[in-house]
Amino acid sequence: MLDSKVGEMLDTEKDIVCDECDEVIDVKIESEKLKNNTKGYYFACNHCGEKYPFLTITPRGEKYLKRMHEMRKKSKEDPEFVKDPENVKRYQKCMEQYRKEITGPYKESDVK
Ligand SMILES: [Zn+2]
């Protein structure tokens, strides 16, 4: 399952309108392998098929993403978890590292 953090890269509160056909896109995020061992996230217009790549992530970035996901899950199960400043610090550190491993949209020529 795609981590919601990636979803936050997109402003999902607002409707995303397709540049090609002007219809509101029902966003479903997908991923694909890119060159340089990275992974790309994109969504496509469900009306005309126009593709919108929006994020590139390294394998290390995915590890951080997974770690953050686990910590969020833990904090939901155990409210005490977030009360520990060490855990909060660890999460923020993870987030910092994660941000270094991601870049924005990629080109179709980057796809493996
Ligand atoms: Zn479209």
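Where a number appears in this text, it was derived from the coordinates with a stated rule and is not lab data. As the structure is a prediction and not an experimental result, all values here were calculated from the model. Glycine gets a Cβ as well: all are built from the backbone with ideal geometry, and neighbour counts include every protein chain shown.
Quick look at the numbers
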| quantity | calculated |
| --- | --- |
| Qualifying lysines (Cα of each under 26 Å from Cα of residue 33; at least 8 residues distant if same chain) | 5, 51, 63, 66, 100, 107, 112 |
| Table column - 3J(HN,Hα) (Hz), region 86-92, Karplus curve with 6.51, -1.76, 1.60, x for Gly and Pro | 5, 5, 5, 4, 4, 5, 5 |
| 0 to 90° range, to nearest 10: angle between helix 59-77 axis and the chain longest Cα axis | 60 |
| Quarter of Cα convex hull surface for the chain, i.e. mean projection, nm² | 7.9 |
| Longest DSSP-loop-exposure-free segment, GluC sites (Glu not before Pro), the chain, at most 15 other Cβ within 10 Å | 81-112 |
